[in-house]
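Novice: Before we start, here is the structure in question, set down as structure tokens.
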Amino acid sequence: MWRLDDDSYLLAPIPFDIFQFMENHNIDYGYLSIGSEIESCVVGLWEAVEHYAEQNGASTEFYRKWKYPMYYFNNFEISRRSIWTSQEYRSYIDYIDHKGGIYFHRWGDAPIKSLGVTLTVQEKRTFCFRDVIQYHHSVYNLPPGFPHHNISEIH
């Protein structure tokens with residue numbers, strides 16, 4: 001499953017079959033970058049997830065390593081559908097929904113999903129697609145060594 005926001009742009013062809021790459025390398029979740037959420041938008045989220053993980057035996061090494069308030073930018077994400085339909089993830093999302101933070105504290109989909117990934121996917125089955133050239137909200141994802149003077153030529 002591939003999510004690409006309607007205001008995101010791939011600025012160059014991806015020179016390989018991204019789905020086949022994920023299959024060949026046992027990748028469940030792919031992303032372009034990790035950011036730090038505005039703290040006022042995650043008030044109580046980390047505490048709620050910690051409580052959920054403790055109560056449900058869901059704490060994983062990956063989850064414990066994930067730092068507050070980090071999240072995957074999900075304007076570009078590619079994943080196995082089974083992540084989002086698994087009983088483990090559905091239970092987590094139901095818990096988050098019932099906590100009310102989405103409505104009262106503006107918990108966003110990116111940090112909620114990111115924490116869910118850390119609870120349900122092994123870290124070694126995630127992958128950063130650094131070579132995908134993308135533009136979203138005035139931010140460019142450029143691979144290392146990409147000649148910056150070429151940006152205007154591809155956008």
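The values are calculated or read from the model by the stated rules, or taken from the named source; none is laboratory data. Nothing here was measured: the structure is a model prediction, and the numbers come from that model. All Cβ positions, glycine included, derive from the backbone under ideal geometry; neighbour counts span all protein chains shown.
Novice: Here are the criteria: (1) exposed (fewer than 14 other Cβ atoms within 10 Å of the Cβ); (2) under 26 Å from residue 101 (Cα atoms); (3) out of contact with any helix residue (DSSP H, G or I) (no Cβ under 8 Å at 6 or more places or on another chain). Tell me which single one residue 13 does not satisfy.
Specialist: Failed condition: (2).
Novice: Another one. Has the stretch 135-145 got any residue that is of a type outside the set (D, E, K, R), assigned to a helix (DSSP H, G or I), modelled with pLDDT of 65 or more and buried (at least 17 other Cβ atoms within 10 Å of the Cβ)?
Specialist: Taking the stretch 135-145 and keeping what is of a type outside the set (D, E, K, R), we get 135-145.
Next cut, assigned to a helix (DSSP H, G or I) only: none.
Scanning the stretch 135-145, I find no residue that is of a type outside the set (D, E, K, R), assigned to a helix (DSSP H, G or I), modelled with pLDDT of 65 or more and buried (at least 17 other Cβ atoms within 10 Å of the Cβ), so the answer is no.
Novice: Ok, one more. Which condition breaks for residue 8 when tested against (1) in contact (Cβ under 8 Å) with a residue 40 or more places away in the chain; (2) loosely packed, with under 15 Cβ neighbours inside 10 Å; (3) over 15 Å from residue 126 (Cβ atoms); (4) polar (S, T, N, Q)?
Specialist: Unmet for residue 8, out of (1) in contact (Cβ under 8 Å) with a residue 40 or more places away in the chain; (2) loosely packed, with under 15 Cβ neighbours inside 10 Å; (3) over 15 Å from residue 126 (Cβ atoms); (4) polar (S, T, N, Q): (2).
Novice: Hey, another quick one. What pairs come out if I take residues in the stretch 62-78 that are within 14 Å of residue 135 (Cα to Cα) and of a type in the set (Ser, Thr, Tyr) and pair them with residues that are modelled with pLDDT of 95 or more and assigned to a helix (DSSP H, G or I) whose C-beta lies under 8 Å away, six or more apart or interchain?
Specialist: Pairs that qualify, where the first residue is within 14 Å of residue 135 (Cα to Cα) and of a type in the set (Ser, Thr, Tyr) and the partner is modelled with pLDDT of 95 or more and assigned to a helix (DSSP H, G or I): there are none.
Novice: I would also like to ask the following. Just to be sure, is residue 85 touching a residue at least 12 places away in the same chain (Cβ under 8 Å) and on the phi < 0 side of the Ramachandran plot? Steps first, answer last, please.
Specialist: Numbers: touching a residue at least 12 places away in the same chain (Cβ under 8 Å): no; on the phi < 0 side of the Ramachandran plot: yes.
When the stated conditions are applied, residue 85 does not pass them.
Novice: State all residues of the stretch 112-134 that are out of contact with any strand residue (DSSP E or B) (no Cβ under 7 Å at 6 or more places or on another chain) and either closer than 17 Å to residue 10 by Cβ or part of a strand (DSSP E or B) (or both); if no residue qualifies, say none.
Specialist: Scanning the stretch 112-134 gives 130, 131.
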